[in-house]
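Have a look at the structure below before the remarks.
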Amino acid sequence: MKSKKSLPLLVIGVLFLILLISLFEVFEINFARKEVHNIDINKVEQPEEEGECIGEFCASSDTASTTKKTTIYVPLIMDNPTGEGPIGCGVHVVLMPYEVPYTQGVLDASYKKLFSLSLEPLSEFRNTVNAYTDLQYKSVSIESGVAKVQLTGSMQGPGHCSETELREQISRTALQFPNVKTVEVYLNGELYNWCKLDLSDWEGSCNENPKYWIDS
């Protein structure tokens, strides 16, 4: 008889427990909704929009710009086995293409490449400019079709044949561009006079007629 009386109490207890759980869930949902409405959307961190991607690079990234290249052309010396070339002691000058990082200063990049280019001894071409170890490129400017090339250092080189090769390489670097009509080459801030290499103690025509480095 005692167990039968306790059964309704057990049922009532279970029902009361279910009611408490339901009330707690309703309270928790309403509290969560209230928190959502109180959020300041201006303080929420939004995901950054990704730039348009091409291949493995994004257009908005710095890496994409570094993949662009500029093709420049550097005048190099090519020996003629017969010694019948039109330059100096019978050589040819050939414009060879090289790729460099993208730049709008193509002429400046061409001179920098010319003065830094070192070729293998058995290469088909030579870079005479590289043999002038005390001669450095500084800058170049173009105004009214005149390219003014600024060099520093010394013009002491391997010999008289190299002088004409050097002159042709440096002048041809600028004259390959259609907007350049004349090249003036300055050494240590002064328009270079080839008579400075004259070994005749100025007994020739250099005394009256300076041979400035101006090519066209």
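Laboratory data are not the source of any read-out in this text; all were calculated from the coordinates shown. In this text the structure is predicted, and so the values were computed from the model without any measurement. In this analysis, Cβ positions are derived from the backbone assuming ideal geometry, glycine residues included, and neighbour counts consider all displayed protein chains.
Scanning region 130-162 for residues that are small (G, A, S) and touching a Lys or Arg at 6+ places or on another chain (Cβ under 8 Å) yields S141, G145. Within region 147-185, being closer than 16 Å to L135 by Cβ, in contact with a Gly (Cβ under 6 Å, 6 or more places away or on another chain) and of a type in the set (D, E, K, R) holds for one residue alone: E165. Every condition in (1) touching a helix residue (DSSP H, G or I) at 6+ places or on another chain (Cβ under 7 Å); (2) assigned to a strand (DSSP E or B); (3) β-branched (V, I, T) holds for V180 except the one numbered (2).
Would you confirm, using the coordinates I've provided, whether M96 is surrounded by 15 or more Cβ atoms within 10 Å (Cβ to Cβ), assigned to a strand (DSSP E or B) and either touching a His at 6+ places or on another chain (Cβ under 8 Å) or not polar (S, T, N, Q) (or both)? Yes; evaluated as a whole, the condition is true for this residue. With respect to (1) of a type outside the set (G, A, S); (2) exposed (fewer than 14 other Cβ atoms within 10 Å of the Cβ); (3) more than 27 Å from P97 (Cα to Cα); (4) touching an Asp or Glu at 6+ places or on another chain (Cβ under 6 Å), the lone exception for C206 is condition (2).
What residue, among those in region 117-164 that are in contact with a helix residue (DSSP H, G or I) (Cβ under 8 Å, 6 or more places away or on another chain) and of a type in the set (G, A, S), is farthest from Y192 (Cα to Cα)? This residue is S118.
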